[in-house]
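See below for the structure under consideration.
The values are calculated or read from the model by the stated rules, or taken from the named source; none is laboratory data. None of the values given here were measured: they were computed from a predicted structure. Because the Cβ atoms are built from the backbone with ideal geometry, glycine has one as well, and the counts that use them run over all protein chains shown. Ligands, DNA and RNA are stripped out before the accessible areas are found, and what is left, the full protein with its side chains, is counted by its heavy atoms. Shrake-Rupley method; radii C 1.70, N 1.55, O 1.52, S 1.80 Å.
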Amino acid sequence: MKNIVGILENKTVEVEDLINHIGEKIKVHGSIYKIRKMSGFAFILLRTKRKLVQCIFSKEYSMFELEDLSEESCVVVTAQVIPEQRSKTGFELQLLDIEVLSKPDQQIPIVINNKRVDTSLENLLNFRPVTLRNERERAIFLLQEGITLGIREFLKQENFTEIHSPKIVHAGAEGGANIFRLDYFGKEAYLAQSPQFYKQMMVGVYERVFEIAPVFRAEKHDTSRHLNEYTSVDFEMGYIKSFEDIMEMETRMLRHVMEVLESCYKEERRISNVKLPYIEEIPAIKFIEAKDVISKKYNRPIVDYDDFEPEEEKLLSSLIKEETGSDFVFVTHYPSRKRPFYAMDSKENAEETDSFDLLFKGLEITTGGQRIHSYDKQLNKIKNRGMNPDLFESYLMMHRYGMPPHGGLGLGLERFTSRLLDQDNVRLSSLFPRDLNRVTP
Ligand code: AMO
C-alpha cells in the first residue's frame, strides 16, 4: 500500500519563478511553440502554462541536434537562465539539453504560431483545441479568468455567498420562446435559461448570493451577439432600498474587475491590445428618454417602443461616449410588458419596471432590477399574464413564507469579454461556442 500525501514531486522549475534563477542551470517543461532558424543558432519559443519563454539553441552549447525538435512537441529542457533585457520576461534560456516527452503525429493544418491566426471564424472555431494554443487566442481566456477572479473577489468582500443552482428545471424563468425542452424520464423538463428563481430563493436564506455558471437559450437566430449556451454572472441581494442599489453594486464590481485586470493582467492586455475603460461613474438614462434622444439626434423614427433595436444600442453608446466619455450606460425603467413576470413595477408608473440594462460599447451586457417580494402581487402578475401559477408553486413558496425587498442582475460573461476586447463576434469569447449550427468541438 502507498500513502498519498499531496506532495507533487516537482522536477522542473515553475516558469513564474525563473526570474529568481538567473545564472543557474534549471529544468522547465513546455511545448515547442515556434522554431526560428538563424545561421548557427535558433530562437525557440517554449509555450508554458501562461507565458511564452524565449530559448536559444546554439551549436556552441546545445548537446542535441536542432533537427530533433519539432513544433508542438512536449519537452523538458535543461537550460542556463541568462538575463536579457530585450526579452519581455527579462531573461532567456540557453538550451543545454532536451528530453522529448511526445511528438505530434501530424502538423496542425493552420498556422497557429504567428501573432494572429490568419483564418476564417469558421476555421478558428472548428480547430479550437489547437487554435487556442496561439498566444493571442489564449490570452482572451486569461483575461476572462481575470474578469471572474475580480468578480469573485469583489462579491466575497461584499459578503455574497457563492451558490450552484440546478440547470435541469421544471419551469422557465425568462419566457417560453427560447427554452430548450428535455425528455426527463418521460416528463417534460427544461434547461435553465437563468438561475433567476433559485438565486431569489437563496436571498431568503443567505441574503446575498451569486453564481457564475452556464445557462441555455434556444435562440433561433444566428447573430454576432447570441449564443445558445453562455456563462451567466448572477448576483442577488436582499434588503435593498431600490433597484439603484444593484446598479451601484455593479458599478463598484466593474471598477474592481478593471483594477484586477490593470494590476495582474498586464501581459495579456498587451497581447490582446486591450485598453481598460475608466469607471468613475456610469451615466443612467430612462429607456423612454433614451429612445427619444436617439430618435432626435439621429433622425430615426421610433419603430419599437418596448425595446432597443441593436443599432439603437450602438447609437446610444456612442452618444453617451461623446457626451460623457463613458463606455458604459445604464438604461432604466424598461416597459413592464417587455420585462419578465418577476420584475417589480414602478410605484410612480405601473407601465414601467424598476429595472435596468447596462450597455457597454454598444451592446447590452447586463439586465437587472428589483423583484416582486409580496406573494399576492407576484401571484396576481402571474395570473394577469395568463400564466399557470401551479407551475411556479415552489418559486411562490418563498414569497408565501416571507421575503425581504430584493433585486439582482445577470451579466453575460462572453458579451462582457467580447466588448472589452473589441471583438466583433461574441463567439470569440466563448471557449467552445454553441450556436445554431455548432455543437462541436
Ligand atoms: P437576460 O435574459 O437579459 O436577463 O440575460 C442577462 C444577460 O445575459 C446575456 N445574454 C446572452 N449572452 C449571450 N447569448 C445569449 N443568447 C444571451 N442572452 C442573454 C446578456 C444579458 O444582458 N434573469 C435575468 C437577469 C436578472 O434580472 O438578474 C436575465 O437572465 O448579457
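General remarks:
- Dipole moment magnitude, nearest 20 debye, region 221-313 about Cα centre, only Lys, Arg, Asp, Glu C-beta charged: 480 debye
- Residue pairs, from the table Lys27/Lys59; Lys156/Lys314; Lys88/Lys156; Lys266/Lys314, whose Cα atoms sit over 24 Å apart: Lys156/Lys314; Lys88/Lys156; Lys266/Lys314
- Of the residues Ile32, Ile282, Asn134, the one whose Cα sits farthest toward the positive end of the charge dipole of the chain, with +1 on the Cβ of Lys and Arg and -1 on the Cβ of Asp and Glu, is Ile32.
- ³J(HN,Hα) computed for each position of region 255-261 - Karplus, 6.51 cos²θ - 1.76 cosθ + 1.60, integer Hz, glycine/proline x: 4, 5, 4, 5, 5, 5, 5
- For region 153-159, 3J(HN,Hα) per residue [Karplus equation, 6.51 cos²θ - 1.76 cosθ + 1.60, θ = phi - 60°, Hz, x = Gly/Pro]: 4, 5, 5, 5, 4, 8, 6
- Global form of region 15-102, assessed from the alpha-carbon gyration tensor, a/c cut-off 1.5: rounded
- Calculated from backbone phi, Karplus (6.51, -1.76, 1.60) coupling profile of region 88-99 in Hz, x at Gly/Pro: 5, 8, x, 8, 9, 10, 8, 6, 9, 9, 8, 10
- Amide hydrogen neighbours beyond the local backbone of Arg217, cut-off 5 Å, H modeled: Glu229, Tyr230
- Only Cα sites of region 255-394 enter the Debye sum here, all with the same form factor; the resulting log10 I(q)/I(0) across q = 0.12, 0.14 1/Å is -0.62, -0.78, listed in q order.
- Pairs of Cα atoms nearer than 8 Å and 6+ residues apart set the relative contact order; for region 15-102 it is 32 percent.
- For the chain, adding -39500 (n - 2.57) for each run of n ≥ 4 DSSP H residues and dividing by the number of residues yields -8500 deg cm²/dmol at 222 nm.
- Entries of Lys25/Lys115; Lys297/Lys347; Lys291/Lys381; Lys37/Lys103; Lys51/Lys321; Lys199/Lys241 with Cα pairs more than 23 Å apart: Lys25/Lys115; Lys297/Lys347; Lys291/Lys381; Lys51/Lys321
- Counting only alpha carbon atoms, the long axis of helix 287-298 and the longest principal axis of the chain meet at about 70°.
- Rolling a 1.4 angstrom probe over region 16-145 with all protein chains present gives an accessible area of which 48% lies on carbon and sulfur atoms.
- Against the rule of thumb 2.2 N^0.38 Å, how large the Cα Rg of the chain comes out: 1.17
- The chain - accessible surface per residue (Å², probe 1.4 Å): 52 Å²
- The listed peptides 164-176, 321-333, ordered by packing as a protection proxy, come out as 321-333, 164-176 (highest mean of other Cβ atoms within 10 Å first).
- Separation between Cα centres of region 329-396 and region 144-205, rounded to whole Å: 17 Å
- Accessible area of region 198-338 belonging to carbon and sulfur atoms, whole % at 1.4 Å probe: 48 percent
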